[in-house]
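S.K.: There's a structure below that I have some questions on.
The values are calculated or read from the model by the stated rules, or taken from the named source; none is laboratory data. The model shown is predicted, which means the values in this text are computed figures rather than measured ones. In this analysis, Cβ positions are derived from the backbone assuming ideal geometry, glycine residues included, and neighbour counts consider all displayed protein chains. Remember, those area values only see protein heavy atoms, side chains included, never the ligands or the DNA or RNA. Shrake-Rupley method; radii C 1.70, N 1.55, O 1.52, S 1.80 Å.
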Amino acid sequence: MALNDMHAEAVAGVVDRVVARYHRDPTCMVQILREVQEVCDWISPEAIDRMQVTLGVPRTKIEGVAGFYSFFYTEPRGKYRVLFSDNITDRMLGSKAMMDRLCNSLWVERGKVSEDGLVSVAQTACTGMCDQGPALLINNYAIAGLTAERIDEIAELIRGKVPLAEWPPAYFKTEDNIRRADILLNADFKPGEALLAARARAPSDGLNSSNMRSWREGLPSGIGGPGATLDEIKRANLRGRGGAGFTTGLKWEACRNAPLKAGAQRIVVCNADEGEPGTFKDRVLLSRNPDLVFEGMTVAAYAVGATRGFVYLRGEYRYMLDHLNAVLAHRRREKLLGKDILGLPGADFDIEIHVGAGAYVCGEESALIESLEGKRGTPRNRPPFPVTNGYLDQPTIVNNVETFAAAALIALNGGDWYAAIGTKHSAGTKLLSVSGDCERPGIYEYPFGVSVRQVLEDCGARDTQAVQVSGPSGICIAEQEFDRIIGFEDIPTAGAFTVFNNTRDMFEVARNYVHFFQHESCGFCTPCRVGTSLLKNLMDKLHNGVGSPYDFAEIEKLNQLLQSMSHCGLGHTACNPVLDTIERFRPAYERRMAQKDFTPAFDLDRALSSARQMTGRDDAGAHLATEHGGQS
Ligand code: SF4
């Protein structure tokens with residue numbers, strides 16, 4: 001029996017236990033699938049059969065959800081499931097050689113399962129460890145800073161079938177690498193003090209609490225007002241840190257003012273699904289100061305009258321789950337979460353953590369909400385927007401981890417204090433995840449307005465030819481633009497700052513990003529599903545040396561198609577890395593255009609080479625004839 005074959009009764013027992021813990025609630029489908037897989041190693045037909053019965057959900061729907069997420073396996077995988085991070089920075093640090101070494105050592109083919117079912121080795125998108133790559137996930141636990149020696153040790157442990165819990169804890173240690181701290185990372189913050197400050201703040205004229213009866217409807221009179229907290233957030237000019245930069249105060253106010261149907265409640269969601277390759281600042285904020293983030297969520301709940309909260313934690317950060325749950329439990333004991341927060345009757349709000357399962361598109365807020373509801377993470381049509389019709393059709397705010405951390409400090413210190421930091425259009429500070437060709441990769445917190453050149457100097461970058469700001473969906477800038485500034489008025493960013501020195505081939509950087517988008521397209525709309533595949537094929541064609549100017553024109557056409565016809569931001573931005581690098585690093589493309597005329601991507605003669613090898617023939621008759629009568 002292979003290691004990951006469990007008897008049907010045992011699988012049913014696991015499913016029953018997990019489903020019971022989630023109160024047979026189909027909206028918890030993603031969490032149920034994740035937990036079942038954690039025990040059974042994969043989601044077998046027997047597991048799906050049992051879920052169908054216990055959850056009362058059609059089999060096709062369960063299969064549809066399981067099939068959507070990269071981290072769910074409906075085919076047997078190894079007992080040890082190794083996924084190498086395949087961000088461009090991992091490649092620059094030698095991830096491919098590491099993966100080959102492990103595969104050779106374990107006699108397993110990349111992308112396959114070993115014959116005894118012990119191990120499978122494959123690649124995954126960026127795991128958020130770009131400052132300490134190369135990195136891998138093993139059964140969703142991160143190991144960073146890989147070396148050849150560490151790979152050999154890992155192979156030995158796998159061969160010896162040593163349970164993961166008995167592996168040296170040092171393997172799983174990740175570094176915060178905070179290189180520059182400002183108000184967020186230096187915050188001398190005591191849990192509860194932002195809530196106390198919000199409570200003590202005088203009610204505002206607009207949304208005062210004097211006639212409100214509960215947290216949900218506003219706190220009783222004489223204890224400050226949610227309107228005053230909202231005013232501070234607005235005065236701070238806080239804008240969302242997930243990249244789009246929507247004004248936080250307006251979002252919260254719209255949720256607050258949204259009509260509430262009978263039995264419904266308002267919801268606060270923290271988007272910790274930072275899947276943009278090159279971004280890892282939310283990982284550091286959550287590991288360094290989770291209380292600040294949870295307190296910001298509670299401040300938001302107070303301001304909008306929400307009673308339920310979620311953290312959507314990306315699957316790659318599964319290793320943080322136990323610690324974050326322990327922090328939440330502590331906050332409940334301290335009356336900072338749960339019922340009657342701060343001892344105030346009716347002040348109820350609690351947070352649960354939902355772990356994602358490897359889908360970049362779930363970073364989009366409506367896709368994230370779909371996933372929270374236990375479905376495939378497909379972006380919704382908008383309007384209606386989540387602030388009125390979000391989680392289970394209830395008013396919902398979705399904000400980034402960094403936004404909530406900033407909100408806690410604003411509640412504590414006031415909006416004017418915050419607005420005085422940064423620039424006129426970009427208040428506060430920004431965390432940058434710096435990686436790539438520099439001496440000191442890690443997290444840098446700057447007031448908005450810092451120049452790209454300053455960041456490069458601080459992180460010890462030399463001979464830099466390009467910086468990719470805000471990941472593949474952001475912008476690639478060249479040396480002559482390094483005096484541009486980080487801020488909504490110039491270069492907005494979710495946080496990634498990836499440095500490339502002049503030894504790097506910017507065509508290959510763009511090709512890596514295009515492969516990423518093609519892999520992450522959710523397939524819902526045809527322009528993106530087909531367009532990202534065609535774009536990938538064109539880039540691969542150039543890589544293979546059979547590109548022509550015709551292919552440039554095709555890329556431009558694809559860009560127009562993706563930008564105008566795609567359903568969500570993934571499709572809109574999928575061509576960005578290519579267009580940016582064509583504009584700034586055109587020679588990297590021209591070097592690959594050996595042909596002047598159109599040449600098909602598929603080379604039939606080359607495809608027949610293995611047949612020639614097998615038959616031992618390489619004469620003219622074994623090759624395709626060209627139109628000139630020679631061999632092609
Ligand atoms: Fe999915 Fe792409 Fe369409 Fe977005 S644009 S919905 S990711 S297929």
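S.K.: What are the ³J(HN,Hα) couplings of the range 27-33, residue after residue, when phi is run through the Karplus curve with 6.51, -1.76, 1.60 and θ = phi - 60°? Round to Hz, x for glycine and proline.
M.R.: 5, 9, 3, 5, 5, 5, 4
S.K.: Using θ = phi - 60° and the Karplus curve 6.51 cos²θ - 1.76 cosθ + 1.60, what whole-Hz ³J(HN,Hα) does each residue of the range 143-150 get, with Gly and Pro shown as x?
M.R.: Coupling constants for the range 143-150: 10, 10, x, 5, 10, 4, 5, 5 Hz.
S.K.: Calculate the FRET efficiency for K173 and A620 from the Cβ-Cβ distance with a Förster distance of 60 Å, rounded to the nearest 0.05.
M.R.: The formula returns an efficiency of 0.50 here.
S.K.: Just to verify a number: FRET efficiency for T503 and A326, C-beta to C-beta distance, R0 = 56 Å, to 0.05?
M.R.: Efficiency at R0 = 56 Å is approximately 0.80.
S.K.: Could you quote the convex hull projected area for the chain, Cα atoms only and averaged over all directions, in nm²?
M.R.: That works out to 30.8 nm².
S.K.: For the range 507-590, give the percent of accessible area contributed by carbon and sulfur heavy atoms, probe 1.4 Å, rounded to a whole number.
M.R.: 55
S.K.: Just the projected area, averaged over all directions, of the convex hull on the alpha carbon atoms of the range 193-419: how many nm²?
M.R.: 11.4
S.K.: Now for a separate question. In Å and whole numbers, how far do the C-alpha atoms of the range 1-106 stretch along each principal axis, longest first?
M.R.: That gives 47, 32, 23 Å along the principal axes, largest extent first.
S.K.: Report the full-extension gain for the segment D100 to E149: residue separation times 0.36 nm, less the Cα-Cα distance, to one decimal in nm.
M.R.: 16.3 nm is the gain from fully extending D100 to E149.
S.K.: Tell me the relative contact order for the chain as a rounded percent, counting alpha carbon contacts under 8 Å between residues six or more apart.
M.R.: Reported as a whole number, the value is 12 percent.
S.K.: On a 0 to 90° scale, report how tilted helix 401-413 is relative to the longest principal axis of the chain, with both axes built from alpha carbons and the result rounded to the nearest 10.
M.R.: That helix lies at roughly 30 degrees to the long axis.
S.K.: Quantify, in whole percent, the carbon and sulfur part of the accessible surface of the range 429-504 (1.4 Å probe; protein heavy atoms only).
M.R.: Summing carbon and sulfur atoms, their accessible area is 42 percent of the total for the range 429-504.
S.K.: Of the heavy-atom accessible surface of the range 80-174 (probe 1.4 angstrom), what whole percent is carbon and sulfur?
M.R.: Looking at the range 80-174 in its full context, I get 53 percent from C and S.
S.K.: So, one more: With label points built 7 Å along Cα→Cβ from the Cα atoms of D416 and E583, find their separation and express it in nm.
M.R.: Here the modelled spin labels are 4.1 nm apart.
S.K.: Which far-off residues, 5 or more places away or on another chain, put their amide H under 5 Å from the one on Y141, with H placed in the peptide plane?
M.R.: The answer is none.
S.K.: Just the accessible area per residue of the chain, please: how many Å² with a 1.4 Å probe?
M.R.: 40
S.K.: In deg cm²/dmol, rounded to 500, what helix-only [θ] at 222 nm does the chain give when every DSSP H run of at least 4 residues adds -39500 (n - 2.57) and the total is split over its residues?
M.R.: -12000 deg cm²/dmol
S.K.: Distances over 16 Å make up what percent of all Cα-Cα pairs in the range 80-174?
M.R.: 48
S.K.: Also, quick follow-up: Set the bar at 27 Å for Cα to Cα. Now go through K96/K557; K61/K281; K96/K161; K251/K375; K190/K234; K79/K173 and name every pair that lies beyond it.
M.R.: K96/K557; K61/K281
S.K.: Please state the Cα pair-distance histogram of the range 323-481 with 10 angstrom bins from zero: what percent is in each bin?
M.R.: Here the calculated profile for the range 323-481 is 8, 23, 30, 28, 9, 1, 0.
S.K.: In terms of solvent-accessible area of protein heavy atoms at a 1.4 angstrom probe, what is the ranking of H515, H23, H330, highest value first?
M.R.: Sorted by accessible area, descending: H23, H330, H515.
S.K.: Could you sort 120-130, 437-447, 517-527 so that the peptide with the highest average Cβ count within 10 Å comes first and the rest follow in order?
M.R.: In decreasing order of mean packing, 120-130, 437-447, 517-527 become 120-130, 437-447, 517-527.
S.K.: Here's another thing I want to ask about it. Compute the long axis of helix 248-257 from its Cα atoms, compare it with the longest principal axis of the Cα atoms of the chain, and write down the angle in degrees, 0 to 90, nearest 10.
M.R.: Helix 248-257 sits roughly 60 degrees off the main axis of the chain.
S.K.: Could you go through the range 351-358 in sequence order and give the Karplus-derived ³J(HN,Hα) for each residue, using 6.51 cos²θ - 1.76 cosθ + 1.60 with θ = phi - 60°, rounded to whole Hz, and x for Gly and Pro?
M.R.: Per-residue couplings from phi come out as 10, 10, 9, 10, 9, x, 9, x Hz.
S.K.: Any chance you could run the full-extension gain for E489 through R333? It's 0.36 nm times the residue separation minus the Cα-Cα distance, nm to one decimal.
M.R.: 51.8 nm
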